[in-house]
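Asks: Got a structure here, written out as structure tokens. Questions coming.
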Amino acid sequence: MLKTFKKGFKKAINYLKTNILMTTFILTSLINGFLVRVFTVGNVFALKPILADLVFLLVITAFGYFIRPKHQFKYFLFWSLLFTTICIINTVYYSNYLSFASVSLLKTAGELKGYTNAVFENILEPKDFIFLWQIFTLCFVHIQLRRKKYYDKVKEIEKGKIRFLNMTVVALIVLGFFISMLTSTDIGRLKKQWNRSSIVMEFGIYIYQTNDLVSSIKTTVNEMFGYDEAYKTFREYYENVDNTHEKNAYTNMFKGKNVIVIHGESLQGFTMNLKFNGEELTPNLNKLASEGIYFSNFYSQESVGNSSDSEFTFLTSLLPSSNGTVFMNYFNRDYETILKLLKDEGYYTFSMHANTGDSWNRNVTYRYLGYDDFYYYTKDYVIDEEIGFGLSDKSFFRQSVDKIADINTKHDNWYGTLIMLTNHTPFSDIKDHSTYSVDYITTEVNEETNEVEEVTGNKDW
């Protein structure tokens with residue numbers, strides 16, 4: 001028994017000596033995968049994500065044996081750069097959205113052109129660059145190995161195909177152990193990709209990102225070749241749905257009235273009725289809520305499209321896409337919308353926004369949703385006060401009122417959407433336009449009075 005153990009230990013030491021670069025790649029990748037969980041979902045000491053990461057890395061490493069030792073560095077550097085990028089992107093994304101990035105978001109990468117300041121001033125943190133240590137470590141090890149002529153020595157004893165098979169067997173053994181720990185819920189989440197945080201907690205960041213890539217490709221393939229099957233499922237479902245609508249107290253209450261929809265950017269329900277030092281934070285919204293109909297029991301239903309998803313759901317009563325964004329991926333569809341229904345009643349429909357027209361592909365998608373006109377940024381507004389990456393809300397509403405007055409003289413009935421912007425990051429320019437002084441120390445809210453308490457000190461904002 002002892003003899004067998006010594007023999008196995010000796011082989012393991014010999015393997016490490018002749019696979020230093022590969023071992024470095026696996027260890028550094030494992031550590032970075034661990035750090036992703038430390039900075040995001042926690043689950044630090046869980047065994048399953050570590051095993052999942054290890055299986056994935058063993059498979060990647062095994063294929064490195066088909067490459068000559070002196071060229072293996074390029075192979076592992078490529079994967080290290082890719083994995084480091086994945087770790088940084090997902091850590092940054094989770095810090096802001098409490099979820100993980102998707103390959104389908106690549107189509108929305110162009111939207112960052114207006115958010116550059118927000119990324120560098122408000123989003124990136126020093127910890128997000130820690131993952132770069134893997135690149136430096138791999139390069140350092142490679143330089144040292146080359147200096148000691150390691151690659152010239154190791155090529156004499158390398159047996160690529162045999163070691164590929166050996167590492168594959170090890171990967172399968174670890175995989176079997178990992179699978180034995182999974183539950184049906186874990187497998188269901190991975191298949192449906194509906195709870196990204198749970199997937200990373202159980203399967204690690206590398207399996208998550210690979211599964212997301214497969215899901216994104218599958219969606220594209222289904223879009224190209226699965227239309228008939230999807231339409232059949234859709235048709236059969238609605239054939240059995242009762243589409244009759246009963247009348248109620250609100251039926252036709254607003255028939256013939258003009259409609260103004262104000263899209264409150266980055267405004268959440270907790271601000272309603274909230275007070276600072278006895279002053280209401282949202283006095284006008286509070287007044288509107290008290291005089292009209294206010295839905296307080298509301299749950300966010302947007303996906304990665306955020307604001308554009310909320311527009312889509314509001315206009316169509318459909319949930320957004322769980323993969324990618326509707327405004328980018330599925331904009332050219334024939335949707336049934338409230339805009340089109342009102343246009344049938346003779347309404348003129350328009351939208352106004354203080355950002356650029358191509359932001360989230362609005363200038364294209366709006367035509368399919370049923371807007372007649374889209375008023376935006378430099379095309380229709382005088383940029384006399386900028387905050388963040390667009391016209392300030394104050395100037396936007398002031399100029400929009402004049403435009404709506406003109407529309408009202410030309411059309412008997414109209415429906416208009418006004419999209420706010422100032423609440424969106426970055427906030428670096430706000431101090432130049434509205435400076436005010438507040439007392440501060442805490443933002444804890446008394447549940448009974450809904451007021452901020454224990455406020456001391458003073459600060460200019």
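What follows is calculated from the coordinates using simple rules that are stated; it is not laboratory data. This structure is a prediction, so every number in the text was calculated from the model and none was measured. Cβ placement follows ideal geometry from the backbone for every residue including glycine, while neighbour counts extend to all protein chains displayed.
Asks: Determine the distance separating the Cα centre of region 15-51 from the Cα centre of region 405-424; give it in Å without decimals.
Replies: Cα centroid to Cα centroid, the span is 54 Å.
Asks: For region 331-368 and region 235-304, write down the distance between their C-alpha centroids in whole Å.
Replies: Value for the Cα centre distance between the two parts: 20 Å.
Asks: Hey, another quick one. Could you compute the net charge surrounding Gln399? Neighbours are other residues with a C-beta less than 14 Å from the C-beta of Gln399; K and R count +1, D and E count -1. Working shown, then result.
Replies: Numbers: positive: Lys379, Lys394, Arg398, Lys403; negative: Asp380, Asp384, Glu385, Glu386, Asp393, Asp402, Asp406.
Net charge around Gln399: -3.
Asks: For Leu51, what is the net charge nearby, where nearby means another residue's Cβ is under 15 Å from its Cβ and Lys, Arg count +1, Asp, Glu -1? It would help to have the intermediate numbers written out before the result.
Replies: On the way: positive: Arg37, Lys48; negative: Asp53, Asp186, Glu202.
Around Leu51, the charge tally is -1.
Asks: Can you give me the distance in nm between label points at Asp384 and Val259, each placed 7 Å from the Cα along the Cα-to-Cβ direction?
Replies: 3.1 nm
Asks: Note down the nm distance, to one decimal, between modelled labels 7 Å out along Cα→Cβ at Ser184 and at Lys410.
Replies: 6.1 nm
Asks: If N is the number of residues in region 296-338, what value comes out of its Cα radius of gyration divided by 2.2 N^0.38 Å? Numbers along the way, then the final one.
Replies: Details: Rg = 10.2 Å, N = 43, 2.2 N^0.38 = 9.2 Å.
My calculation over the Cα atoms of region 296-338 gives 1.11.
Asks: For Glu311, what is the net charge nearby, where nearby means another residue's Cβ is under 13 Å from its Cβ and Lys, Arg count +1, Asp, Glu -1?
Replies: Numbers: positive: Arg362; negative: Glu265, Glu302, Asp309.
Here the count lands on -2.
Asks: Next question. Beta carbons within 10 angstrom, averaged per residue: use that to sort the peptides 288-298, 237-247, 263-273, highest first.
Replies: Working: 288-298: 9.1, 237-247: 6.4, 263-273: 14.4.
The most tightly packed comes first, giving 263-273, 288-298, 237-247.
Asks: Rounded to the nearest 0.05, what FRET efficiency do Leu124 and Val38 give with R0 = 22 Å and r taken as the Cβ-Cβ distance? Could you check? Working shown, then result.
Replies: Working: r = 18 Å, r/R0 = 0.80.
That gives a FRET efficiency of 0.80.
Asks: How far apart, in nanometres, would the label points at Thr168 and Asn96 be if each is projected 7 angstrom from Cα along the Cα-to-Cβ direction?
Replies: About 4.2 nm separates the two model spin labels.
Asks: Express in nm, to one decimal, how much length is gained between Lys149 and Lys17 on full extension, taking 0.36 nm for each residue of separation and deducting their alpha carbon distance.
Replies: Numbers: separation 132, 0.36 × 132 = 47.52 nm, distance 1.33 nm.
Computed gain between Lys149 and Lys17 is 46.2 nm.
Asks: To continue, here is another question. Using 24 Å as the Cα-Cα cut-off, could you pick out the over-long pairs in Lys48/Lys70; Lys247/Lys287; Lys343/Lys410?
Replies: The pairs that break the limit, which is 24 Å between Cα atoms, are Lys48/Lys70; Lys247/Lys287.
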